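Enquirer: Structure below; questions to follow.
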Amino acid sequence: MSGSARLLEKWARAPRAVTLLLSLVLPVMAPAEPPAGASSCSGCHAVSARVETPIPRILGRQPTDIVAAMQAFRSGERPSTVMGRIAKGFSDDEIRVIAIWLAAQPAEAR
Amino acid sequence: MMRTTRRAFLRGAAASAALLPAPALAQAQPRVIVLGGGFAGATCARELQRAEHRAAVTLVEESPIYTACPFSNSVIAGLREIAAQQFGYDAIRAEGIAVSQDRARSVDPQRRLVSLSSGSALGYDRLVLAPGTDIRWGALPGYDEAAAEQMPHAWKAGDQTLLLRRQLEGMADGGTVVISAPANPFRCPPGPYERASLIAYYLKTKKPRSKLIVLDAKDSFSKQRLFQAAWHQLYPGLLEWVSLSNGGNVTEVDPATRTFVTDFATYKADVANVIPPQRAGHIAEAASVADQTGWCPIDPVSFESRLQPGIHVIGDAAIAGAMPKSAFAANAQAKVCAAAVAALLRDETPSPPKLINTCYSLVAPDYGISIAGVYHPVNGQLTDVEGAGGVSPADAPLDFRALEASYAEAWFRTITAETFG
Ligand SMILES: Cc1cc2nc3c(=O)[nH]c(=O)nc-3n(C[C@H](O)[C@H](O)[C@H](O)COP(=O)(O)OP(=O)(O)OC[C@H]3O[C@@H](n4cnc5c(N)ncnc54)[C@H](O)[C@@H]3O)c2cc1C
C-alpha cells in the first residue's frame, strides 16, 4: 500500500477528522487511482451529469454517509434490490477507503 | 517440481527483461494501443488517457459505429429500436485519443507492432486487446456464415439482430421458434434465456398460438430458478426448455430446412436462432495470446497475458476466472486494466483489484432480475468473494421486479455513457 493510501485509511477510521480535513487535504491526498473495488461502482452509479437515472449519485458526498449506507445494506438493515449483495463483498476498511475516494471525486465530472 | 517452476519463472523473467523496454515513461510519450472499441476497449482507452496524461493512446476499431448487445433482445422482440443500441467514437476522439478506424490484421509481440488492413503498422509499448468474441464457424456441423443468413445467431448485434426480428415478424401465428444455446463458456450466460423470455413475450402478445423451444447443451444455466419461475407464471405452455440430459444438445443443423438435429430427435423450426460456440476474437490467436481453449489466460491483477508480456487482454476474450463474459465485466476489467497499465508505465507495481459484475435480464418489459458478484484475485485467478453476490430474491413482489427492470435500463444508459461518452 502506498503511503498516501495508508494515511487515508487512518483518517477513514476517524470519521470526524475526515469531515473536517476533507476539503483541505483530499484534493492533494486522494490517489488518482481508485482503491480496490471503487472503479466498478460507476457501472451503475452515473458519473456524467447528463445521464438520467433513478440510481442515486455517490460522488462528492460525505464519506460518513456512504459508509453508513454500505454498512446498512450489508447487514440487511436497509433493504435494497442489489446493494446488499454487493456490499457483502467489502470489509469495513475497504468501504471506508472507497467512501473517501468517492467523496474526493467531483460530483459532476465528465 | 520446484525446479521446473523456478526454471520456468526464470525463463519468463529473462524473456520479459529482454522484451520490455525500461520504464516506458523514460521515453517522452509511451505508446499504448487499445485494440477493439467495445465495452472493454473503449472504456480502457478513456480511462488510460485520464490516468496517464503522458501516454499516447490509440484506439483501433474497425467499425465506425458500435452496436451494443445488451438490450438487443428487446430489439428482437420489437420493444426497442436498433438506433438505441448504437454509439459512435466522436466523444472519445474529442478527448485526445487517436481513433483509427481500421481492422488489425496481425500482431507481432516480439517487435511490438500491430499491422492494420490499410497497410500501416503501429508500434506500442503496451497493447490492450479487447476484440470480444468470434463465432467458431463449423464447430456445429452445418452452421457456417451462409447458414447464419437462414438461421441467425444474433449474438453480435446489428444486421443479425434485425434479421431475427424480421423473421419473427414474418412468421404466421401458430409457428414454432427454436433457439439453441451452447455449452459454457460463451458471451452473456443469461442472454439465451432473456432472449427466450422476450420472444415468448412477443409471441404471447402478437402470435399466441405459437410455440418456443429452447434446446440447450447444458443442464443448468444462469438465474435458472428465477427464469423458470417467471416462465411458469408469464408464459405457461408457450416456452419449453430442453436440457442436455433430456436431449437438448444440438449436434447438427440444416439451414435449408431450418432443422436442428439432437441425439434424440429433430426439430423443424419456422424461425431458428442458433447461438453457436464461440472463442476470443480472431486477432487474439494471431497475437499468440489465446490458448488451446480459444480464450486468453491473464494475470488477474494487471490483465497482462500469461502468454505474451506487454499485451493485456480484457473483456469477453479473456479467461477472467469466475467473472462471466458480460458488458458489465468488460467495463469493470477495463478500468482495472487501465490503472494497472498506467502504473506499469510509471514502473510501479499494480495493486490487487476488486471487481464487481451485475447482469440484469428482462423476463418481460417490466420484469427484471439480476445476478451480481464481487471478485478478487486468489491464487492467480479472479475468484468470487465468499458471501457476496447472488441472484434477486425468489419471492419478490412484482413491484420489486419492475424496479429492477428500471434499474436495468438505467444501468445501460450509465455504462454506455461511461464507455462512449
Ligand atoms: C443478446 C445479448 C445480450 C447481452 N446482454 C447483456 C447484458 O444485459 N448485460 C451485460 O453486461 N452484457 C450483456 N451481453 C454481453 C456483452 O455484449 C459482451 O460481454 C460485451 O460486448 C463484451 O465487450 P467486449 O468489449 O469484450 O467485446 P465487444 O463488445 O464485442 O467489442 C469488441 C470490439 O472489437 C472490435 N474488433 C474485434 N476485432 C478487431 C480487429 N481485428 N480490428 C479492429 N477491431 C476489432 C469489434 O468490432 C468490436 O467493436 C449480451 C450479449 C448478447 C449477445
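Enquirer: Here's a check for you: in the stretch B:383-398, which residue that is touching a Gly at 6+ places or on another chain (Cβ under 7 Å) and not in a loop (DSSP other than H, G, I, E, B) is surrounded by the most Cβ atoms within 10 Å (Cβ to Cβ)?
Expert: We begin by selecting, within the stretch B:383-398, every residue touching a Gly at 6+ places or on another chain (Cβ under 7 Å); these are B:383-385, B:388-389.
Applying the additional criterion that residues be not in a loop (DSSP other than H, G, I, E, B) yields B:383-384.
Numbers: B:T383: 16, B:D384: 18.
Among them, the one singled out is B:D384.
Enquirer: So in the stretch B:309-361, with the set limited to residues that are within 16 Å of the ligand (Cβ to nearest atom) and part of a loop (DSSP other than H, G, I, E, B), which one is nearest to B:G281 (Cα to Cα)?
Expert: Among them, the one singled out is B:I314.
Enquirer: With more than 9 Å from the ligand (Cβ to nearest atom), farther than 24 Å from B:V32 by Cβ, open to solvent by 50 Å² or more (accessible area, probe 1.4 Å) and over 19 Å from the mean Cα position of the chain (by Cα) as the only criterion, which of B:Q110, B:Q150 stands out?
Expert: Values: B:Q110 fails: farther than 24 Å from B:V32 by Cβ.
When all the criteria are applied, what remains is B:Q150.
Enquirer: With the condition kept exactly as written, say whether any residue in the stretch B:229-248 is within 15 Å of the ligand (Cβ to nearest atom), under 22 Å from B:S72 (Cβ atoms) and either within 14 Å of another protein chain (Cβ to nearest Cβ) or not aromatic (F, W, Y) (or both).
Expert: no
Enquirer: So which of B:F264, B:F221 ends up being modelled with pLDDT under 95 and assigned by TED's automatic domain parsing to the domain that holds B:V178? It would help to see each step written out before you state the result.
Expert: Details: B:F221 fails: modelled with pLDDT under 95.
None of the other options fit; the residue is B:F264.
Enquirer: Okay, moving on. When you go through (1) surrounded by 23 or more Cβ atoms within 10 Å (Cβ to Cβ); (2) away from chain A (no Cβ under 11 Å); (3) farther than 23 Å from B:V32 by Cα one by one for B:N357, which number turns out not to apply?
Expert: (2)
Enquirer: Do any residues in the stretch B:325-346 that are in the same structural domain as B:G41 (by TED's automatic domain parsing) have Cβ atoms under 6 Å from those of residues that are charged (D, E, K, R), where the two are at least six apart or on different chains, and which pairs are they?
Expert: So the pair list comes out as B:K325/B:R187; B:K325/B:D316; B:K335/B:E47; B:A338/B:E47; B:A339/A:E33; B:V341/B:R126; B:A342/B:E52; B:L345/B:E52.
Enquirer: Every residue in the stretch B:399-408 that is facing chain A (nearest Cβ under 10 Å), touching a residue at least 12 places away in the same chain (Cβ under 8 Å) and open to solvent by 20 Å² or more (accessible area, probe 1.4 Å), please.
Expert: Residues satisfying the conditions are B:L403, B:S406, B:Y407.
Enquirer: Another question about this same structure. What about B:P352, is it surrounded by fewer than 17 Cβ atoms within 10 Å (Cβ to Cβ) and either at pLDDT below 95 or within 13 Å of chain A (Cβ to nearest Cβ) (or both)? Even if it seems obvious, please write down each step before you answer.
Expert: Details: surrounded by fewer than 17 Cβ atoms within 10 Å (Cβ to Cβ): yes; either at pLDDT below 95 or within 13 Å of chain A (Cβ to nearest Cβ) (or both): yes.
Taking the combined requirement at face value, the residue satisfies it.
Enquirer: Another question, if that's okay. Of (1) open to solvent by less than 20 Å² (accessible area, probe 1.4 Å); (2) in a loop (DSSP other than H, G, I, E, B), A:A72 satisfies all except one. Which?
Expert: (2)
Enquirer: Please specify each residue of the stretch B:277-293 satisfying the condition of being within 14 Å of the ligand (Cβ to nearest atom) and not polar (S, T, N, Q). Working first, answer last.
Expert: Start the filter on the stretch B:277-293 by keeping residues that are within 14 Å of the ligand (Cβ to nearest atom), which leaves B:277-287, B:289-290.
Listed by number, the residues that qualify are B:P277, B:R279, B:A280, B:G281, B:H282, B:I283, B:A284, B:E285, B:A286, B:A287, B:V289, B:A290.
Enquirer: For the stretch B:306-339, give me each residue that is open to solvent by 10 Å² or more (accessible area, probe 1.4 Å), of a type in the set (G, A, S) and away from chain A (no Cβ under 14 Å).
Expert: Selection gives B:G321 alone.
Enquirer: Follow-up question, since we're still on this one. Of (1) within 21 Å of the chain's Cα centre (by Cα); (2) open to solvent by less than 10 Å² (accessible area, probe 1.4 Å), B:Y124 satisfies all except one. Which?
Expert: Every listed condition holds for B:Y124 apart from (1).
Enquirer: Something else now. Could you figure out which of (1) in contact (Cβ under 8 Å) with a residue 60 or more places away in the chain; (2) more than 9 Å from the ligand (Cβ to nearest atom); (3) of a type outside the set (S, T, N, Q); (4) outside any helix (DSSP H, G or I) isn't true of B:C69?
Expert: Of the numbered conditions (1) in contact (Cβ under 8 Å) with a residue 60 or more places away in the chain; (2) more than 9 Å from the ligand (Cβ to nearest atom); (3) of a type outside the set (S, T, N, Q); (4) outside any helix (DSSP H, G or I), the odd one out for B:C69 is (2).
Enquirer: Here's another thing I want to ask about it. Before we move on, is B:Q49 open to solvent by 10 Å² or more (accessible area, probe 1.4 Å), at pLDDT 60 or above and away from the ligand (no atom under 16 Å from the Cβ)?
Expert: Details: open to solvent by 10 Å² or more (accessible area, probe 1.4 Å): yes; at pLDDT 60 or above: yes; away from the ligand (no atom under 16 Å from the Cβ): yes.
Yes: the conditions hold for B:Q49.
Enquirer: Only one of B:A94, B:A154 is over 28 Å from B:D299 (Cβ atoms) and assigned by TED's automatic domain parsing to the domain that holds B:S210; which? Before the answer, list the steps.
Expert: Values: B:A94 fails: assigned by TED's automatic domain parsing to the domain that holds B:S210.
Testing whether each residue is over 28 Å from B:D299 (Cβ atoms) and assigned by TED's automatic domain parsing to the domain that holds B:S210 leaves just B:A154.
Enquirer: Limited to the stretch A:41-69, what total is found for residues that are part of a helix (DSSP H, G or I) and away from every other protein chain (no Cβ under 12 Å)? Even if it seems obvious, please write down each step before you answer.
Expert: From the stretch A:41-69, those part of a helix (DSSP H, G or I) are A:41, A:63-69; that's our starting set.
So of that shortlist, the ones also away from every other protein chain (no Cβ under 12 Å) come out as A:63-69.
Residues meeting the conditions: 7.
Enquirer: Can you tell me which residue within the stretch B:368-382, out of those that are away from chain A (no Cβ under 11 Å) and open to solvent by 50 Å² or more (accessible area, probe 1.4 Å), is nearest to B:P297 (Cα to Cα)?
Expert: Residues of the stretch B:368-382 away from chain A (no Cβ under 11 Å): B:378-382.
Checking which are open to solvent by 50 Å² or more (accessible area, probe 1.4 Å) leaves us with B:378-379, B:381.
Working: B:V378: 15, B:N379: 14, B:Q381: 10 Å.
Top of the filtered list is B:Q381.
Enquirer: Only one of these is away from chain A (no Cβ under 14 Å) and either within 12 Å of the ligand (Cβ to nearest atom) or surrounded by 15 or more Cβ atoms within 10 Å (Cβ to Cβ) (or both): B:I92, B:I82. Name it.
Expert: On the way: B:I92 fails: away from chain A (no Cβ under 14 Å).
So the residue among B:I92, B:I82 that is away from chain A (no Cβ under 14 Å) and either within 12 Å of the ligand (Cβ to nearest atom) or surrounded by 15 or more Cβ atoms within 10 Å (Cβ to Cβ) (or both) is B:I82.
Enquirer: Okay, moving on. Inside the stretch B:293-308, can you point out the residues that are within 14 Å of B:L127 (Cβ to Cβ) and part of a strand (DSSP E or B)?
Expert: Step one: of the stretch B:293-308, the residues within 14 Å of B:L127 (Cβ to Cβ) are B:296, B:298, B:302-305, B:307-308.
If the condition is that a residue be within 14 Å of B:L127 (Cβ to Cβ) and part of a strand (DSSP E or B), then B:C296, B:I298, B:E304, B:S305 are the ones that fit.
Enquirer: Quick test for you: out of B:T349, B:T383, pick the one residue that is within 24 Å of A:S91 (Cβ to Cβ) and over 21 Å from the mean Cα position of the chain (by Cα). Lay out the reasoning, then the answer.
Expert: Details: B:T383 fails: over 21 Å from the mean Cα position of the chain (by Cα).
On inspection, the qualifying residue turns out to be B:T349.
Enquirer: Anything in the stretch B:374-421 that is under 28 Å from B:T67 (Cα atoms), away from the ligand (no atom under 16 Å from the Cβ) and either out of contact with any strand residue (DSSP E or B) (no Cβ under 8 Å at 6 or more places or on another chain) or not small (G, A, S) (or both)? List them, or say none.
Expert: B:L403
Enquirer: Another one. Can you tell me which residue within the stretch B:157-197, out of those that are of a type in the set (D, E) and over 28 Å from B:W295 (Cα atoms), is surrounded by the fewest Cβ atoms within 10 Å (Cβ to Cβ)? Give the steps one after another, and end with the answer.
Expert: The first filter runs over the stretch B:157-197 and keeps only residues of a type in the set (D, E), leaving B:159, B:169, B:173, B:194.
Applying the additional criterion that residues be over 28 Å from B:W295 (Cα atoms) yields B:169, B:173.
Values: B:E169: 12, B:D173: 10.
Result: B:D173.
Enquirer: Would you list the strands (runs of 3 or more DSSP E) that sit entirely within the stretch B:220-283 and hold 1 or more residues that are over 28 Å from the mean Cα position of the chain (by Cα)?
Expert: Numbers: elements: B:239-242, B:250-254, B:259-262, B:266-268, B:271-274, B:278-280.
Per the criteria, B:266-268.
Enquirer: What do you reckon, is B:A157 of a type in the set (G, A, S), farther than 20 Å from B:A45 by Cβ, within 14 Å of the ligand (Cβ to nearest atom) and away from chain A (no Cβ under 14 Å)?
Expert: The answer is yes for B:A157.
The values are calculated or read from the model by the stated rules, or taken from the named source; none is laboratory data. Worth saying up front: this structure is predicted, and the values here are computed from it rather than measured. Here Cβ is always computed from backbone atoms with ideal geometry, including for glycine, and neighbour counts include all displayed protein chains. Just so you know, the surface numbers come from the protein's heavy atoms only, side chains and all, with ligands and any DNA or RNA stripped out. Shrake-Rupley method; radii C 1.70, N 1.55, O 1.52, S 1.80 Å.
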